[in-house]
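Inspection log for the structure reproduced underneath, given as structure tokens.
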Amino acid sequence: MNAAACSALLQVCRQGSRGCPPWIWRRESHWQTSLLGLRSALPMRAEPKKKKKVDPKREQIAKERLRKKLKKLERIPPELIPIEDFTPSAKFLDESRIRKPAQLSGEEQERRALLIKKWAWSKKQEHDAEESGIVCLLESQRKALEELRLESEELYNAAIRCDTGMLPLENPGPCNTPPIPKYNPPDGKYNDITKVYTQQ
């Protein structure tokens, strides 16, 4: 729209022509809005809140109280809360309770050294026997699969297929102790013995 068309339109609107569209009519009152005169907000008709009169003496007294409390707190050094986990009990610091290692004779030391060597040798033999048993089992399984393949390819494929139904495997074993008859388990109640420290 050029400048001449805009000025013609404005002149028609100023004259109050009824041929002019309703959204750009001349404003009759301050409640009507138009595109020609944009308003940011409606006029506010609320009255501002009246401030309460504060007595300056009372305000000064409250400030003085706060200042005195701060001075008192600055004078008292902060009280450290003891950490009981880092403080060993006095009975553990008693030197008379220190247990001296037993004095072993030469024969006893020799006997213990031989016992350790025998234990290590027996555990090595047990490990070797277990390993050789596993190797034998794997070798016999391989031979059986080769023979099965010569008999039937379908049976061989079925034998080497993974069984997905085996996992997850649930194998409940025996408990450490049998269940106690007529045992009433606790419902989570406990006595709170935590020490509470307050700053004085």
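Between Q141, A90, A102, whose Cα lies farthest towards the positive end of the dipole of the range 79-154 when Lys and Arg beta carbons carry +1 and Asp and Glu beta carbons carry -1, centred on the Cα centre? Working it through, the farthest residue towards the positive pole turns out to be A102.
For the range 48-200, just say rounded, prolate or oblate: build the C-alpha gyration tensor, square-root its eigenvalues into a ≥ b ≥ c, call rounded for a/c under 1.5, and beyond that prolate if a/b exceeds b/c, oblate if not. Don't skip to the end; give the middle numbers.
Details: a/c = 3.74, a/b = 1.85, b/c = 2.02.
Note, shape of the range 48-200 comes out oblate.
Peptide packing: for 96-103, 146-153, the average count of neighbouring Cβ atoms within 10 Å per residue gives the ranking 146-153, 96-103, highest mean first. Under a cut-off of 19 Å between alpha-carbon atoms, report the lysines in cross-link reach of K91, not counting same-chain residues fewer than 8 places apart. Within the straight-line cut-off, K91 pairs with K100. Counting only residues at least eight positions apart within a chain, or on another chain, there are no lysines with an alpha carbon under 23 Å from that of K143.
Rounded to whole numbers, the Karplus 3J(HN,Hα) couplings from phi for the range 64-73 are 5, 4, 4, 5, 5, 4, 5, 4, 5, 5 Hz, using 6.51 cos²θ - 1.76 cosθ + 1.60 with θ = phi - 60°, and x at Gly and Pro.
Label sites at L80 and E107, each approximated as a point 7 angstrom past Cα along Cα to Cβ, lie 5.7 nm apart. Computing FRET efficiency as 1/(1 + (r/R0)^6) for K91 and K143, where r is the C-beta to C-beta distance and R0 is 45 Å, gives about 0.05. Modelled spin labels at R99 and Y183, positioned 7 Å past Cα toward Cβ, are 3.0 nm from each other. Candidate cross-link partners of K72 among the aspartates and glutamates, defined by an alpha-carbon separation under 17 Å and a same-chain spacing of 8 or more, comprise E64. What the phi angles of the range 171-182 give under the Karplus curve with 6.51, -1.76 and 1.60, with θ = phi - 60°, is a coupling list of 9, x, x, x, 7, 5, 10, x, x, 7, x, 6 Hz, glycine and proline written as x. Of S152, T164, W121, which is farthest along the charge dipole of the range 81-200 in the positive direction, counting Lys and Arg as +1 and Asp and Glu as -1 at C-beta? Highest projection toward the positive end goes to W121. Annotation: for a label point projected 7 angstrom from Cα along Cα→Cβ of K195, residues of the range 56-100 with backbone N closer than 20 Å are 77-94.
Values quoted throughout were computed directly from the atomic coordinates according to the rules given, and no laboratory measurement underlies them. Quick caveat: nothing in here was measured; it's all calculated off a predicted structure. Ideal geometry is used to build each Cβ from the backbone, glycine not excepted, and the neighbour counts take in all protein chains shown.
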